[in-house]
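Take a look at the structure below.
The values are calculated or read from the model by the stated rules, or taken from the named source; none is laboratory data. Model, not experiment: these values are computed from the prediction. Positions of Cβ are generated from backbone atoms using ideal geometry, with glycine treated the same way; all protein chains shown enter the neighbour counts.
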Amino acid sequence: MIVFILAVLLFLVGLYGILVKRNIIKLAIGLIIMEYAVNLFFVLAGYREGGTAPILDGDLAPGTVFVDPLPQALVLTAIVIGLGTTALLVSFAVKIYEKYDTFDIRKIRKLHG
Amino acid sequence: MVTALILLIVLMILGAIAALESKDLLSGIISLGIIGFALTVIFLILQAPDLAIVQIIVETMTLVILIAAVMKTTKADTVETFGKHSIFLGLVGLVFVFVFIWTAVKAFQQMPGFGSMPLRMASEYVNNGLALTGAGNLVAAVILDFRAYDTLGEATVLFTSVVGITAVLRKLGRNRV
Amino acid sequence: MKGMSVIVKQISRLMYPSILVLGVYIILHGHLTPGGGFAGGVLIAGAFTLLVLAYGADEVTTARGKWRATLGESIGIFLFWFIAVLGIVQGGYFFLNMVNHGEPLQLFSAGIIPLCNIAIGIEVSAALFAIFITMSVLKLGDKV
């Protein structure tokens, strides 16, 4: 159970970054940390004691235990989507820097043209 | 094996704190690399080679994109200010963290422990996956046959994000002041 | 961008075909070994990214690469959708695995899964390369 709690702690560190930091790049880092924590929790939940990777082969001993392929399939797509959303966030950040000359979100609130 | 997992996750937490608390944005991003590559090793330990292949390259490309963005703008972190307001926020945050961890611990006590999940769907996929789809890699069988709608949706999200990036960073058709 | 030094250019020119071949191998054997469309596509996008990072890109190559990447991305997602709709045309449901499964654990087996892997590989590699090439044209100074 301790590994699950450690994954939750990692998620909370990312949440702390998003709630406290004022820099857009730091916010992106916090978001990435939260995403990694969720991926880690999925794969931890799908592990089975003494299991092997879910790849069937011709010469497998009968009674082989496999880990769960379902969380791995969900996480596989989520990782690639994470890269796309991170790149979108970073491009927004760069555009904001071009307009306001800062990454500080407190100064961006003043939406003067 | 559980000891190695615990050590790696503690390393990830330390890397996360270093990434968030560093004064320089570039060193923060490089500390983010600790988390991603430790996650790759964890995926290998947890018998998920597909995820390890994807994670190690996606982590590298994430670092390339973030470093390119930081090098072209600024490396300095914003200055944090503290006051009465931040003390109140810190107290609320601590209460929230304790509630979250308490709920998580209560939930994990109801779950079976690490490594002994019941995995009813997994046994269904493992026993019948080869006969139903003909694919030896059960992860490929799940993402492209049993749950192909999910993959179509994810491909659409990727397409949408590329369209969004192209629209945000375009040069043509912008109103020049 | 002028590109990096001669050593980096030569090494990346030597490395990039083998990375490309590895990506194609991972896509084609996605239903037998670890990997598949996502992993192979990400690898191919990484090979192109290495080339752009080492050699640099001017306006013309960037515009051409962006055009090709978006075209490939559209082709990939359209192929995936087309394979899914073929199931309905055959008289079944969306994503019906209608091709003969063949002998299991061979290269030509598993019905539509290798075809879908190829479509996903084209889509993911083109999408990630489009993201990279779009972000590489960022030039500060011309305020919008």
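Being assigned to a helix (DSSP H, G or I) and touching a Ser or Thr at 6+ places or on another chain (Cβ under 7 Å) is the requirement here; does residue C:45 meet it? Taking the combined requirement at face value, the residue satisfies it. Taking the stretch A:15-49 as the range and being under 13 Å from residue B:21 (Cβ atoms) and in a helix (DSSP H, G or I) as the test, the residues that pass are A:16, A:17, A:20, A:26, A:29, A:30, A:33. Just one of the numbered conditions (1) facing chain B (nearest Cβ under 8 Å); (2) over 30 Å from residue C:107 (Cβ atoms); (3) buried (at least 23 other Cβ atoms within 10 Å of the Cβ); (4) of a type outside the set (Ser, Thr, Tyr) is not true of residue A:37: (1).
When A:84, A:14 are checked against the criterion of being touching a Leu at 6+ places or on another chain (Cβ under 9 Å), in contact (Cβ under 8 Å) with a residue 12 or more places away in the chain and at negative phi, a single residue qualifies: A:14.
What do you reckon, is residue B:119 within 14 Å of chain C (Cβ to nearest Cβ), modelled with pLDDT under 85 and over 25 Å from residue B:14 (Cβ atoms)? Considered against the rule, which asks whether it is within 14 Å of chain C (Cβ to nearest Cβ), modelled with pLDDT under 85 and over 25 Å from residue B:14 (Cβ atoms), residue B:119 comes out as no. When residue C:113 is tested against the conditions (1) surrounded by fewer than 20 Cβ atoms within 10 Å (Cβ to Cβ); (2) in contact (Cβ under 8 Å) with a residue 60 or more places away in the chain, the lone failure is (1).
Looking only at the stretch C:66-83, decide whether some residue is closer than 23 Å to residue C:4 by Cα, surrounded by fewer than 21 Cβ atoms within 10 Å (Cβ to Cβ), at the interface with chain B (Cβ under 10 Å from one of its Cβ atoms) and out of contact with any strand residue (DSSP E or B) (no Cβ under 7 Å at 6 or more places or on another chain). Yes, the stretch C:66-83 has at least one match.
Among the conditions (1) farther than 25 Å from residue B:139 by Cα; (2) in contact with a helix residue (DSSP H, G or I) (Cβ under 6 Å, 6 or more places away or on another chain); (3) not hydroxyl-bearing (Ser, Thr, Tyr), the only one that residue C:96 does not satisfy is (1). Among the residues of the stretch A:54-74, is there at least one that is in contact with a strand residue (DSSP E or B) (Cβ under 7 Å, 6 or more places away or on another chain) and surrounded by fewer than 19 Cβ atoms within 10 Å (Cβ to Cβ)? Yes, the stretch A:54-74 contains at least one residue that is in contact with a strand residue (DSSP E or B) (Cβ under 7 Å, 6 or more places away or on another chain) and surrounded by fewer than 19 Cβ atoms within 10 Å (Cβ to Cβ). Residue A:28 meets the stated requirement of being of a type outside the set (Phe, Trp, Tyr), crowded, with 17+ Cβ neighbours inside 10 Å, in contact with a helix residue (DSSP H, G or I) (Cβ under 8 Å, 6 or more places away or on another chain) and under 30 Å from residue B:166 (Cα atoms). Please tell me if residue C:53 is touching a helix residue (DSSP H, G or I) at 6+ places or on another chain (Cβ under 8 Å) and not hydroxyl-bearing (Ser, Thr, Tyr). Here the answer is yes, as residue C:53 does meet what is asked. Please tell me if residue C:8 is more than 30 Å from residue B:72 (Cβ to Cβ), more than 12 Å from chain B (Cβ to nearest Cβ) and either buried (at least 19 other Cβ atoms within 10 Å of the Cβ) or among the β-branched types (Val, Ile, Thr) (or both). Against the criterion (more than 30 Å from residue B:72 (Cβ to Cβ), more than 12 Å from chain B (Cβ to nearest Cβ) and either buried (at least 19 other Cβ atoms within 10 Å of the Cβ) or among the β-branched types (Val, Ile, Thr) (or both)), residue C:8 does not qualify. Considering each of B:61, B:12 in turn, give the residue that is closer than 14 Å to residue A:3 by Cβ and part of a helix (DSSP H, G or I). That would be B:12, the only listed residue that is closer than 14 Å to residue A:3 by Cβ and part of a helix (DSSP H, G or I).
Which residue out of A:5, A:25, A:29 is over 18 Å from residue B:12 (Cβ atoms), modelled with pLDDT of 85 or more and within 7 Å of another protein chain (Cβ to nearest Cβ)? Even if it seems obvious, please write down each step before you answer.
Values: A:5 fails: over 18 Å from residue B:12 (Cβ atoms); A:29 fails: over 18 Å from residue B:12 (Cβ atoms).
Of the residues listed, the single one that is over 18 Å from residue B:12 (Cβ atoms), modelled with pLDDT of 85 or more and within 7 Å of another protein chain (Cβ to nearest Cβ) is A:25.
Condition first: buried (at least 17 other Cβ atoms within 10 Å of the Cβ) and on the phi > 0 side of the Ramachandran plot. Can you find one or more residues in the stretch C:27-42 that meet it? Yes, the stretch C:27-42 contains at least one residue that is buried (at least 17 other Cβ atoms within 10 Å of the Cβ) and on the phi > 0 side of the Ramachandran plot. When residues in the stretch A:51-65 are screened for being touching a residue at least 12 places away in the same chain (Cβ under 8 Å) and more than 8 Å from chain B (Cβ to nearest Cβ), 2 of them pass.
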